[in-house]
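Heads up, the thing below is written out as structure tokens.
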Amino acid sequence: MNTLSRRHFLESSALLTATALTSSASSPLSLLHAAESAPSLKFPTTPRERLSVATWPFRAFIVSPENEYRDKSQRGMDLREFVVTIKKDFGVTGVEPLSTHFPSTDEAYLHSFREAIEKAGLHVVDIPVDNSSSYYDAAPAARKKAIENGKKWIDIARIIGSPSVRTSIAEAQNAKPDADVVVGELRELADYAASKNVVLNLENDDLVSEDAFFIVKVIEKANHPFLHALPDFCNSMMTGNEKFNYDAVTAMFRHAYNICHVKDSEVGDDGKVFRVDLKKTFDILKASNYRGYLSMEWEGQGRSYDGTRHLIAASLENLS
């Protein structure tokens, strides 16, 4: 995918332990209390139980009005239909459903989704949420739209039992990335997430608007206990700079809490394959004392089923 516009290509349950959020979630006082609290997830310690499968690699099969990457030559599946097969097909119990893969966000569908995955012995570990509006857009209305989309998906996370959402920082056509502007918007969203006991994550994804060191700067400036990093193993390798990638992953893991994306390679728009050393990346993960979930997000060449199984096997080997 394009090294400068990965997000354009995307445009598209463990529950949090209760904290001291006892006030009404809609009151200013409760938001203040929420911001002073911290998330408290109890993570599994068995390597296999820490693993999850992202739905993004299976976008060709998933039927949804927002999924522009659906391949109609392939057999289509509703999101529920796909995720309930994960335990059988991959031997793991975590799932990370992309926001654009939900065919509906009506409460009836969301409750049926949760019921289906729980019946199948699965749980959601995170929802990657894509934005069409940017948190640093020059127009306040556009920034407000991004915030409202984030709040919508935080509410959805509560319904389906997801402990977190990953919100994307979309590129803006009328402004350059500005950490101070982003922080100003994300503090509001992080307060809202805290009031719902949901973690808010930022990923090193788009190399313009979501550069790893820009993400780290935003997180450190915001200094909010519910705002964390989602390290992706390979996205920063799309620069073609190996040292930059491993430095970026190291910086991201210093701020990671509950979710990261495992991949060993990614294919650029020109067909060039970018690869990472999985052992080296897992050594970075372990050195950071990261205890959260690892979501398999296969992006390499070949079949997504085979690639995901390969990543699971590699993860188990490196976590043992």
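Taken together, the values in this text are just the output of simple stated rules run on the coordinates, not laboratory data. In this text the structure is predicted, and so the values were computed from the model without any measurement. Neighbour counts are summed over all protein chains in view; Cβ atoms, including those assigned to glycine, are modelled from backbone coordinates with ideal geometry.
Here are a few things to note about the model shown:
- When all alpha carbon pairs of the range 205-320 are counted in 5 Å bins from zero, the resulting P(r) reads 2, 12, 22, 25, 20, 12, 5, 1, 0 %.
- Radius, Kirkwood style, for the range 60-117 when every pair of distinct Cα atoms is counted (Å): 12.0
- Computed log₁₀ I(q)/I(0) - Debye formula, equal Cα scatterers, no solvent, the range 165-246, q 0.11, 0.15 Å⁻¹: -0.29, -0.52
- Secondary structure note: in the chain, about 10% of the DSSP beta bridges are antiparallel.
- Within-10-Å neighbourhood charge of Pro44 [Cβ basis; K, R +1; D, E -1]: +3
- Residue pairs, from the table Lys151/Lys221; Lys144/Lys243; Lys119/Lys145; Lys145/Lys272; Lys144/Lys217; Lys87/Lys280, whose Cα atoms sit over 25 Å apart: Lys144/Lys243; Lys119/Lys145; Lys145/Lys272; Lys87/Lys280
- Of the two radii for the range 57-214, the radius of gyration is 0.99 times the Kirkwood radius, both from the alpha carbons; that is the Rg over Rh value.
- Spatial offset of the range 224-242 relative to the range 34-92 amounts to 20 Å, using the alpha carbon center of each.
- Mean-position separation - Cα centroids, the range 294-309 and the range 97-173, in angstrom: 23
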